[in-house]
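Engineer: Got a structure for you, questions after.
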Amino acid sequence: MPDRLPAYDRGRMIPHEEIRSAANPRVRQASLLRDANARRETGLTLIDGRRELAMAVAKGVAIVELFLDAEMLRASSLPASDPLKEQAFVDWLQALVARGTQILALSRKAFERIAFGGRNEGCVGVARYSAPTLDQLKVAECLPVLLVEGVEKPGNLGAILRTADASGIGGVIVCDGRTDPANPAVIRASLGTVFTVPLAVASTQQGLDWCRLNGRRIVAAMPAGESLWYKTDLVDNVAILLGSEAHGISPLWQQAAASGVLRFLSVRLPMVGRADSLNVSATAAVLAYEAWRQREQQV
């Protein structure tokens with residue numbers, strides 16, 4: 001293996017370490033971060049992909065280590081579709097080194113041990129990141145928030161974050177989540193928007209209390225909802241509540257509404273086929289864009 005990063009160095013040495021063995025302790029420790037227990041114990045996670053890493057860095061997330069596939073770097077330059085051009089990538093690496101990131105060039109076999117399945121983009125970062133709590137959440141009052149309760153699949157949570165980013169949702173609160181926003185699969189599925197969308201994790205009770213204290217009306221998506229989604233006001237300090245596909249929303253929400261603690265309305269999306277439920281990320285997209293449409297009509 002050569003003594004520098006050949007495709008990108010352009011004559012400027014980027015300090016780095018080389019690792020050939022997939023059994024190397026640092027490679028092994030990084031691979032363990034795919035597991036939730038390891039992430040909780042260390043406060044670290046993995047970020048796959050150049051775009052996701054760039055978005056994390058832009059938001060001030062500390063990248064402790066950056067693993068590069070040395071074979072891919074030798075073989076070719078960055079794809080033309082990549083947002084980071086070759087020289088910009090060199091500059092980015094230099095900036096990471098200046099911030100204290102350690103660069104490690106791995107053999108293909110070693111890199112594949114930590115990479116995300118078959119989607120090898122040549123970059124995996126070890127980042128110090130955990131999802132914010134509710135006391136850190138800052139949301140504009142004029143924008144809706146998404147309350148996502150009991151979500152289990154990382155792909156669904158990642159897709160919801162992408163929808164929130166695209167549709168101008170003010171923030172996402174993950175209540176009693178069964179998957180962690182710091183899960184590398186969530187980060188990947190969100191295309192890095194987990195770092196850019198205002199986000200918080202909380203218990204259901206904490207989410208309910210936050211809505212009460214902030215005067216948020218609850219609009220809950222339910223199979224037998226009272227109103228059709230497009231006939232419901234999704235503007236003006238609203239919180240759109242989505243439950244898990246398996247269990248729906250917690251009874252706490254309706255109990256709070258019955259006791260006068262919250263304003264609560266349920267909405268439905270008609271199911272005209274044979275399936276009896278809609279994917280939670282698809283439901284989030286329908287309601288988020290309906291909220292966007294209603295805001296646009298007010299302009």
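No lab work stands behind these numbers, since they all come straight from the coordinates. In this text, all values refer to a predicted model and were calculated from it rather than measured experimentally. We place every Cβ from the backbone using ideal geometry, glycine too, and count neighbours over all the protein chains shown.
Engineer: Within 10 Å of each residue's Cβ, count the other Cβ atoms and sort D69, D233 from fewest upward. List each step's numbers first, then the result.
Structural biologist: Details: D69 22, D233 12.
Result, fewest neighbours first: D233, D69.
Engineer: For the chain, take the longest principal axis of its alpha carbons; what is the angle in degrees between that and the long axis of helix 86-98, to the nearest 10 within 0 to 90?
Structural biologist: The two axes meet at around 90 degrees.
Engineer: Here is a follow-up. Pull out a ≥ b ≥ c, the square roots of the eigenvalues of the alpha-carbon gyration tensor of region 207-299, then state rounded if a/c is under 1.5, prolate if not and a/b is larger than b/c, and oblate in the remaining case.
Structural biologist: oblate
Engineer: Once the Cα gyration tensor of the chain is found, what semi-axes does its equivalent ellipsoid get, as square roots of 5 times the eigenvalues, in whole Å, sorted largest first? Write down the numbers at each step before the final one.
Structural biologist: Numbers: eigenvalues 345, 68, 58 Å².
Those come to 42, 18, 17 Å.
Engineer: Ok, one more. Given the Cα-Cα distance of E226 and V272 and 0.36 nm per residue of separation, how much length would full extension add, in nm? Display every interim value, and only then the final one.
Structural biologist: Numbers: separation 46, 0.36 × 46 = 16.56 nm, distance 1.69 nm.
Stretched fully, the E226-V272 segment lengthens by 14.9 nm.
Engineer: Longest span of the chain, sites excluded, free of GluC sites (Glu not before Pro) in DSSP loop with at most 15 other C-beta atoms within 10 Å? Display every interim value, and only then the final one.
Structural biologist: Details: sites that count: E141, E152, E226.
The longest uninterrupted stretch comes out as 1-140.
Engineer: Continuing with this model, one more query. Would you mind ranking T163, T196, T179, T133 so that the residue whose beta carbon has the fewest other beta carbons within 10 Å leads the list?
Structural biologist: T133, T196, T179, T163
Engineer: Antiparallel as a % of all DSSP beta bridges within region 134-298, to the nearest 5?
Structural biologist: Percent antiparallel among DSSP bridges in region 134-298 is about 5.
Engineer: Could you line up C142, C175 from fewest to most neighbouring Cβ atoms inside 10 Å?
Structural biologist: In order of increasing Cβ crowding within 10 Å: C142, C175.
Engineer: Now for a different question. With +1 on each Lys and Arg Cβ and -1 on each Asp and Glu Cβ, and nothing else charged, work out how big the dipole of the chain is about its Cα centre, in Debye to the nearest 20. If you can, show how the numbers build up before the last one.
Structural biologist: Working: 34 positive and 31 negative charges, 59 e Å.
Dipole about the Cα centre, nearest 20: 280 debye.
Engineer: Pull out a ≥ b ≥ c, the square roots of the eigenvalues of the alpha-carbon gyration tensor of region 145-299, then state rounded if a/c is under 1.5, prolate if not and a/b is larger than b/c, and oblate in the remaining case.
Structural biologist: Verdict is rounded for region 145-299.
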